[in-house]
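> This is the structure I want to talk about, given as structure tokens.
The values are calculated or read from the model by the stated rules, or taken from the named source; none is laboratory data. Keep in mind the model is a prediction, meaning the values are calculated, not measured. Methodologically, a virtual Cβ is constructed for each residue, glycine included, from the backbone with ideal geometry; neighbour enumeration extends over all protein chains shown. To get the accessible areas, we keep the full protein, side chains included, count just its heavy atoms, and leave off ligands, DNA and RNA. Shrake-Rupley method; radii C 1.70, N 1.55, O 1.52, S 1.80 Å.
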Amino acid sequence: MALPRVPPLYPAQPEEILRPARPWFVALTLALGLYANLLPLEGATLALRPDFLALLLLYWCIKEPRYVGVGVAWFVGLLMDVGDATLLGQHALAYAVLAYAAEYFRRRVLRFPLWQQAAQVAVLLVLCAALVLLVRVVGGAPLPRWTYAVAPLVGALLWPVISVVLQWPQRPTRSPSEL
Amino acid sequence: MGHLPAEPPPFFHRGPSPLARLAFFGLVSLALLFADTRYRTLETLREGAAIALFPLQQAARVPGMVLGRIAASFASVSALAEENAKLRQQLAAQAANAQGLASERLENARLRALLGIQGDDGVDATVVEVLFAGRDPFSQKLFVGRGSEGPVQLGAAVIDADGVVGQVTRVHPHLAEVTLITDKDHAVPVQVERSGVRSVLFGAGTGRLPQLRFMAPNADVEVGDTLVTSGIDGTYPPGLAVARVVALERDAGQVFARISARPLAGVDRSRHLLVLSVPVALPPRPEEPADAEAARKPGSGKARRP
């Protein structure tokens, strides 16, 4: 009698076929991302805190484009605007552009090893942060300090971790060879 | 031979292309940004979303509170006793002032009655707790909970033990948004306590000190002067401490002096704040006579109302 196997906790190979993610799992992770963004942090931790929501949106736009696309990203961005008490629409705009960029890149990104994926993700996250900054500066805000660029890079460093953890429930529990 | 179908089978239909969606949502975002900057018409939308977000925001406070509770349970008894003693001293020091205040207030009211000046009917205050703050590196805003005596009022001044913190700028059903005096778009009418010179203190944004702008280089302001609210705006009651002048640059080549002041209140530290009631509405500004305006602007034809 075979014991039920626990899926391995290392990145899936490109040729490995994963099960589709469940919609409630996607929604739950996005809610957790919003929660992490709403944590009342201050000072250095705030400067280091990556935009978890942008990171998760990017992940699901790349992995499950059927569930998460430009529309979902836009709506979640609107919630983020309300949570931050900023102008309505700035995170919405940035996340919508992010989702579109993910749609554009998604077939290519997954072919790379995780750390190279992280480098490409860094570019996308910086783009997203730059869009928010652009809207703020057009609205008359002063330029922030250079530390503003740190958070997207921290987000990119988290990409391998998030990839491994979030694809864990989708891994098949038995290997295809042992049918 | 069958024809190739002109359209893909229905299970390939995935709605509009991503670019079309991006264009649509991008335009909606820009429209929202524009509407939110120019008009205050989106408050109902914002309020609805705020209600939906409220449970999540409450939940986001839990980790901090748990950490705080753990830290508190490790606080030593001696540290607490020390703090207690300090607070007692503070209370004793303020008691003298507080006792004198009652008689002085009475005397003031009598004098005002003699002079026929409308008195300021005492200001009510509600204690509120800061729920969360400062996630956005660009704006200086706080969220406070509902006051103990009902909801806070829009436009009310917010202070702490040391001075003015800011003003209530949005009221949601469960919480209210306070714009701090350090916010870039915030201005407080102030007066130099020592010399009585009136001015306006403008916030400068995150990490920068508020400034007194448009002050002549020879204005009677010195480093160390305390700025108090002048009360002429009808929002802040007069006499509240706001800031202390910390840097002063008088350059004969410049039209205005550069004066920076550090807020006295714990703008980014205080946990509990006091929301004052909104003062009585000021009488409307008197209409300027039309001929005076015409006389001031000769040749401009009809006087135009701003």
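> A:Ala102 passes all but one of (1) of a type outside the set (S, T, N, Q); (2) open to solvent by less than 10 Å² (accessible area, probe 1.4 Å); (3) within 10 Å of another protein chain (Cβ to nearest Cβ); (4) touching a Phe, Trp or Tyr at 6+ places or on another chain (Cβ under 8 Å); which number fails?
Condition not satisfied by A:Ala102: (4).
> Just name the residue that is most open to solvent (accessible area, probe 1.4 Å) out of those in the stretch A:8-32 that are more than 11 Å from chain B (Cβ to nearest Cβ) and under 30 Å from B:Leu142 (Cα atoms). Steps first, answer last, please.
To start, the set of residues in the stretch A:8-32 that are more than 11 Å from chain B (Cβ to nearest Cβ) comprises A:8-30.
Adding the requirement that they be under 30 Å from B:Leu142 (Cα atoms) leaves A:27-30.
On the way: A:Ala27: 58, A:Leu28: 88, A:Thr29: 12, A:Leu30: 20 Å².
Ranking the qualifying residues of the stretch A:8-32, first place goes to A:Leu28.
> Criterion first (farther than 25 Å from B:Asp162 by Cα, open to solvent by 90 Å² or more (accessible area, probe 1.4 Å), part of a helix (DSSP H, G or I) and aliphatic (A, V, I, L, M)) does B:Leu67 satisfy it?
Numbers: farther than 25 Å from B:Asp162 by Cα: yes; open to solvent by 90 Å² or more (accessible area, probe 1.4 Å): yes; part of a helix (DSSP H, G or I): yes; aliphatic (A, V, I, L, M): yes.
Yes; evaluated as a whole, the condition is true for this residue.
> Further, regarding this structure: Can you name the residue in the stretch A:39-55 that is part of a helix (DSSP H, G or I) and surrounded by fewer than 23 Cβ atoms within 10 Å (Cβ to Cβ) and is also modelled with the lowest pLDDT among such residues?
From the stretch A:39-55, those part of a helix (DSSP H, G or I) are A:43-48, A:52-55; that's our starting set.
From what's left, surrounded by fewer than 23 Cβ atoms within 10 Å (Cβ to Cβ): A:43-48, A:52.
On the way: A:Gly43: 70, A:Ala44: 78, A:Thr45: 80, A:Leu46: 79, A:Ala47: 80, A:Leu48: 86, A:Phe52: 93.
Among them, the one singled out is A:Gly43.
> Here are some residues: B:Val164, B:Val144, B:Val128. Which one is at pLDDT 75 or above and touching a Lys or Arg at 6+ places or on another chain (Cβ under 9 Å)?
Details: B:Val164 fails: touching a Lys or Arg at 6+ places or on another chain (Cβ under 9 Å); B:Val144 fails: touching a Lys or Arg at 6+ places or on another chain (Cβ under 9 Å).
Answer to the check: B:Val128.
> Every residue in the stretch B:259-269 that is surrounded by fewer than 18 Cβ atoms within 10 Å (Cβ to Cβ) and either closer than 10 Å to B:Asp162 by Cα or touching a Lys or Arg at 6+ places or on another chain (Cβ under 6 Å) (or both), please.
B:Arg262, B:Gly266
> Moving on to the next point. Looking only at the stretch A:151-166, filter to residues that are buried (at least 19 other Cβ atoms within 10 Å of the Cβ) and touching a Pro at 6+ places or on another chain (Cβ under 9 Å); which one of those is farthest from A:Asp51 (Cα to Cα)?
Looking at the filtered set, the residue picked out is A:Ser163.
> I would also like to ask the following. When the residues of the stretch B:17-54 are filtered to those that are assigned to a helix (DSSP H, G or I), open to solvent by 80 Å² or more (accessible area, probe 1.4 Å) and more than 9 Å from chain A (Cβ to nearest Cβ), which remaining residue is modelled with the highest pLDDT?
B:Leu27
> Name every residue in the stretch A:56-99 that is open to solvent by less than 10 Å² (accessible area, probe 1.4 Å), outside any helix (DSSP H, G or I) and closer than 21 Å to A:Val123 by Cα, in order of residue number.
The one that is open to solvent by less than 10 Å² (accessible area, probe 1.4 Å), outside any helix (DSSP H, G or I) and closer than 21 Å to A:Val123 by Cα: A:Val68.
> Here's something else I'd like to know. Hey, can you tell me all the residues within the stretch A:113-150 that are more than 24 Å from B:Gly26 (Cα to Cα) and either within 13 Å of the chain's Cα centre (by Cα) or open to solvent by 70 Å² or more (accessible area, probe 1.4 Å) (or both)?
Correct list: A:Trp115, A:Gln117, A:Ala118, A:Arg145, A:Trp146.
> Show the residue pairs that are 6+ apart or on different chains and have beta-carbon atoms under 8 Å apart, the first residue being within the stretch A:105-132 and touching a residue at least 60 places away in the same chain (Cβ under 8 Å), the second being part of a loop (DSSP other than H, G, I, E, B) and charged (D, E, K, R).
Filtered contacts from the stretch A:105-132: A:Leu125/A:Asp51; A:Cys128/A:Asp51; A:Ala129/A:Asp51.
> In the stretch B:198-227, what residues are surrounded by fewer than 21 Cβ atoms within 10 Å (Cβ to Cβ), of a type in the set (Val, Ile, Thr) and at pLDDT 85 or above?
B:Val200, B:Val223, B:Thr226
> Now a separate question. Given the criteria in a helix (DSSP H, G or I) and modelled with pLDDT of 80 or more, does B:Leu114 qualify?
On the way: in a helix (DSSP H, G or I): yes; modelled with pLDDT of 80 or more: no.
No; evaluated as a whole, the condition is false for this residue.
So that you can scan it fast, the table gives a plain yes or no per residue for (1) within 29 Å of B:Leu175 (Cβ to Cβ); (2) outside any loop (DSSP other than H, G, I, E, B); (3) at pLDDT below 90:
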{"position": "B:Gly196", "(1), (2), (3)": "no, no, yes"}
{"position": "B:Pro237", "(1), (2), (3)": "yes, no, yes"}
{"position": "B:Val246", "(1), (2), (3)": "no, yes, no"}
{"position": "B:Ser260", "(1), (2), (3)": "no, yes, no"}
{"position": "B:Ser270", "(1), (2), (3)": "yes, no, yes"}
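> Could you look through the stretch B:76-117, keep only residues that are in contact with a Gly (Cβ under 8 Å, 6 or more places away or on another chain) and small (Gly, Ala, Ser), and pick out the one that is surrounded by the fewest Cβ atoms within 10 Å (Cβ to Cβ)?
B:Ala113
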